[in-house]
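See below for the structure under consideration.
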């Protein structure tokens, strides 16, 4: 978990509200600059430049937002791949999921840790409080006076495995 936290601190996924504040402040600064230039130069062509500057600043901020989000996702995927390479032997699989809904602006991230049968077999054998002592499957019978015909020494099951607590 420390690796995931380290990547999340280093490559923090951007929040869209910060970019909206940046975009609105950039548009206000651009508007003020266009107005000042219009007063100084008295040129109507500057009003055509203002929408182009707005579109350019919007595209730059969207590119920056997607770049930071892509870096975050790629680094988390790299950590998941590294952990899967080492922990897959134990039956642990890490998956990175991004839920994107068209109604929401920001994606929701999740890391799913899957445990398969190898992990369950490892933990049940490792932390079992009892042990099985195998007993012989057949008992040796001796010829007795009550049953003189019974000369077969290995004739029936007489023991089953028993569970004894580990002391």
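What follows is calculated from the coordinates using simple rules that are stated; it is not laboratory data. Please read these numbers as outputs of a predicted model, since none were measured by experiment. Neighbour counts run over all protein chains shown; Cβ positions are idealised from the backbone, glycine included.
Counting other beta carbons within 10 Å of each residue's own, what order do 63, 22 fall into, fewest first?
In increasing order of surrounding Cβ atoms, one gets 63, 22.
Calculated FRET efficiency, residue 16 and residue 89, Cβ-Cβ r, R0 45 Å, to nearest 0.05?
E between residue 16 and residue 89, to the nearest 0.05, is 0.65.
Taking R0 as 22 Å, what's the FRET efficiency between residue 30 and residue 73 from their Cβ-Cβ distance, rounded to 0.05?
Calculated value: 0.10.
May I have the extent of the alpha carbons of region 1-62 along their three principal axes, as whole Å values ordered from largest to smallest?
61, 16, 14
Hey, rough spin-label estimate for residue 81 and residue 57, points 7 angstrom out along Cα→Cβ, what's it come to in nanometres?
Taking the two extended label points, one gets 3.8 nm.
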